[in-house]
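The next block holds one structure in the form of structure tokens; read it before the comments.
The values are calculated or read from the model by the stated rules, or taken from the named source; none is laboratory data. Everything quoted here is computed from the prediction, not taken from an experiment. Here Cβ is always computed from backbone atoms with ideal geometry, including for glycine, and neighbour counts include all displayed protein chains. Calculation scope for accessible area: heavy atoms of the full protein, side chains included, ligands and nucleic acids excluded. Shrake-Rupley method; radii C 1.70, N 1.55, O 1.52, S 1.80 Å.
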Amino acid sequence: MEKYGYRFSFGPWNIHEGADPFGPAVRPSVPFEKKLEAYQRLGFDAVQFHDDDAVPNLDDKPPAQIEAEARALKAKLDSMGLAVEFVAPRLWEHPMTIDGAYTANDPAARAYARERSRKALDIAQALGTDLIVLWLAREGTYMREAKDAARAVDLLVEAINDMLDYAPGMRFAVEPKPNEPMDLAYIPTIGHAVALSFKTKDPSRVGVLVESAHAILAGLDPADEMAFGLAYGKLWSVHLNDQNGLKFDQDRSFGAVNLRRAFDQVLVLDDHRYYEQGIVGLDVKALRTQKAEVAEKHLRNSLETFLWLVERVRSLDRAAMQGCIAARDYEELDRLILAHLLRH
Ligand code: XUL
Ligand code: MN
């Protein structure tokens, strides 16, 4: 498979049992070992981890055991030729994170979040990645009057500063999402995340991850969110997927809802040589209707669609495009793009 210089990743959560808030699992759990085989079978290069995907039940384990388990996992991944893209502290399931993690009102809860984040950093370092992803799941509004939203920003900065101090070799990519599980998140867009980075003690180590569906949920175009991150040299990861309007976070296969929107994301990534700096992550979920034996197709399809679109981007008639732009004939440009997409 021609991969045009790109490397691809997904997380173990992207092969899942199909449970949703209204119904239980519809597919059996796939053991982690089997998931790792899927990475190889489907042509992926790297694994994304939540801290407890790498070291299950880490809250109950002493640091030496956490490190030993992470090192054993690293050896296994090495033997399979798989890299680790990032580790993300899972700060949204434990009872201590009910009212938020870094921004919880209870100082004991905030201390838990910082401690847990340090464990995620230990795991990341043992796994040989320098990237931490911060999806700030519960940092936002349940009840607006219950928290001071300006102070919440300071608390986020303090928490990131703590991590910057704890692990001087590590970089942090904030993954904004405007809603779900919160009504409204404190860091809903890439603009907010970039601004947050400049309030930390080392902005050069704080960047962003753009997830297509999250941008769409914020009413924004994912390609423009990526462009903003790229303009600041801060686009360190992406979670490509798709999303049909302002609903629950659907994590549909890349390009499945709006092919033109997917093309525009590949265009901005390829034109700005993203393949030289980052891995293409696919944060996609199989439909609940998918039978167990064919519940990897969302990953295969998303990767293939991305590569088809890279081919479309690189075969664009740039001179003709420039002609349209120079003439300010954007209707002709529209036709040129559509014709190019439809003739694949
Ligand atoms: C949540 C989401 C997460 C993060 C990783 O919507 O996208 O999977 O990407 O914690
Ligand atoms: Mn994501």
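Summary table
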item: Index of the failed condition, Leu240 passing every other in (1) in contact with a strand residue (DSSP E or B) (Cβ under 6 Å, 6 or more places away or on another chain); (2) of a type outside the set (Gly, Ala, Ser); (3) surrounded by fewer than 24 Cβ atoms within 10 Å (Cβ to Cβ); result: (3)
item: Of all residues making up the stretch 156-191, the number that are within 17 Å of Gly100 (Cβ to Cβ) and within 16 Å of ligand 2 (Cβ to nearest atom); result: 12
item: Selected residue [outside any helix (DSSP H, G or I), open to solvent by less than 50 Å² (accessible area, probe 1.4 Å) and more than 22 Å from Asp45 (Cβ to Cβ)] from Leu287, Leu316, Leu333, Leu341; result: Leu316
item: Sole residue being of a type outside the set (Lys, Arg) and over 17 Å from the mean Cα position of the chain (by Cα), chosen from Ala83, Ala88, Ala75; result: Ala75
item: Tally of residues being over 18 Å from Pro168 (Cβ atoms), in a helix (DSSP H, G or I) and within 16 Å of ligand 1 (Cβ to nearest atom) across the stretch 104-134; result: 2
item: Pairs, first more than 14 Å from Arg114 (Cα to Cα) and surrounded by fewer than 18 Cβ atoms within 10 Å (Cβ to Cβ) in the stretch 142-165, second modelled with pLDDT of 95 or more and aromatic (Phe, Trp, Tyr), C-beta under 8 Å, six or more apart; result: Ala149/Tyr186
item: Out of Ala223, Ala152, sole residue that is in a helix (DSSP H, G or I), within 15 Å of the chain's Cα centre (by Cα), at pLDDT 95 or above and more than 16 Å from ligand 1 (Cβ to nearest atom); result: Ala223
item: In the stretch 166-201, the residues that are among the aromatic types (Phe, Trp, Tyr) and without any contact (Cβ under 8 Å) to a residue 24 or more places away in the chain; result: Phe198
item: From the options Lys3, Lys35, residue that is under 19 Å from Ile279 (Cβ atoms), without any contact (Cβ under 8 Å) to a residue 24 or more places away in the chain and either within 21 Å of the chain's Cα centre (by Cα) or within 16 Å of ligand 2 (Cβ to nearest atom) (or both); result: Lys35
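Condition check ((1) outside any helix (DSSP H, G or I); (2) within 16 Å of ligand 1 (Cβ to nearest atom); (3) at pLDDT 95 or above) across all residues:
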{"site": "Ala227", "(1), (2), (3)": "no, no, yes"}
{"site": "Gly233", "(1), (2), (3)": "yes, no, yes"}
{"site": "Asn244", "(1), (2), (3)": "yes, yes, yes"}
{"site": "Val266", "(1), (2), (3)": "no, no, yes"}
{"site": "Asp270", "(1), (2), (3)": "no, no, yes"}
{"site": "Tyr275", "(1), (2), (3)": "no, no, yes"}
{"site": "Gly278", "(1), (2), (3)": "yes, yes, yes"}
